Amino acid sequence: MKNKRENIAEYILYLWQLEDYLRAFPEMAEGNEELSDILRMMHADDVMDGGHIQLAQIALKELEELSDDILSQEATYRAAMIRITPALNLLKARTDRPAMSNIEACLVLLYQIMMLRLQKRPISAETQEVQQQATSMLQYLSKTYYKQADLVDDDDEAEI
C-alpha cells in the first residue's frame, strides 16, 4: 500500500482508486490481503455504493487541517489558493457536494482527470492549467506533511 507519510495526497487518491476498483470488482479482493482489508473497511463503513472509508477521510481531514494552518502563516500558499479558488468553486458547483473543502476539490479534480485519461478523453488546456495548480498545491502540502513527520532533512525545500 502507498505510504501516507511519503505523499499523503497520492495516498488519498490511491485509496479512492481502490474503492472504485472494489466497487466494480469486489471478487478481485479474494486472495489479496490489501484489497481484502480495504473491502472489509468499505463494508464496515457502509461505503460500497459511494463515499470513502474512514482511512481516506482521516487522511483528507489531516491534509485540510494542514492547509488551514499554512493558509494562516504563508502568503505564497495563500496567494496560490486565491488563484485556484474560482476554478475549484466551478468544480464544486457541478458536484452533489458544493460545500466540500478546496483541498478535497483539488483531489476530486485530479481524480477526475485521471479517469478521463484512462478513458482516453480530451482534457482542455484550461483544465490542464488548473490541474497544474492543484498538483503544485498538493505537492507542497504533501512535502510539508512529510517534513512535519520528521522524515525529511530541513534543507529539502518544498515549493508551491
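Using only side-chain charges placed at the Cβ, +1 for Lys and Arg and -1 for Asp and Glu, the dipole size of region 8-148 relative to its Cα centre rounds to 720 debye.
Full extension of the chain between Ala24 and Glu62 gives 10.9 nm of extra length, using 0.36 nm per residue less the Cα-Cα distance. Here are a few candidate values for P(r) over Cα pairs in 10 Å bins from 0, in percent: [x] 12, 37, 25, 10, 6, 5, 3, 1, 0; [y] 9, 21, 16, 15, 14, 11, 7, 4, 2, 1; [z] 10, 36, 35, 17, 2. Which one was actually calculated from the structure I just gave you? Looking at P(r) over Cα pairs in 10 Å bins from 0, in percent for this model, the match is [z]. Ignoring lysines fewer than eight residues from Lys92 along the same chain, the ones with Cα atoms less than 26 angstrom from its Cα are Lys4, Lys61, Lys120, Lys143. Checking every one of the trypsin sites (Lys or Arg not before Pro) in region 54-97 against DSSP loop status and a limit of 11 other Cβ atoms within 10 Å picks out Arg94.
Stretching Glu6 away from Arg117 to a fully extended chain increases their span by 37.5 nm, per 0.36 nm per residue minus the current alpha-carbon distance. Checking every one of the GluC sites (Glu not before Pro) in region 20-117 against DSSP loop status and a limit of 10 other Cβ atoms within 10 Å picks out Glu30.
Scanning the chain for DSSP H helices at least 15 Å long along the axis (C-alpha atoms) with a Kyte-Doolittle mean no lower than -1.0 picks out 8-24, 33-44, 54-73, 75-93, 102-118. A dipole drawn for the chain from +1 and -1 charges on Cβ atoms has a positive end, and of Gln128, Ala149, Tyr21 the residue lying farthest that way is Gln128.
Quick note: the coordinates plus some simple rules give every number you see, no bench work behind them. Small disclaimer: the values here were computed from a predicted structure and weren't measured. Ideal geometry is used to build each Cβ from the backbone, glycine not excepted, and the neighbour counts take in all protein chains shown.
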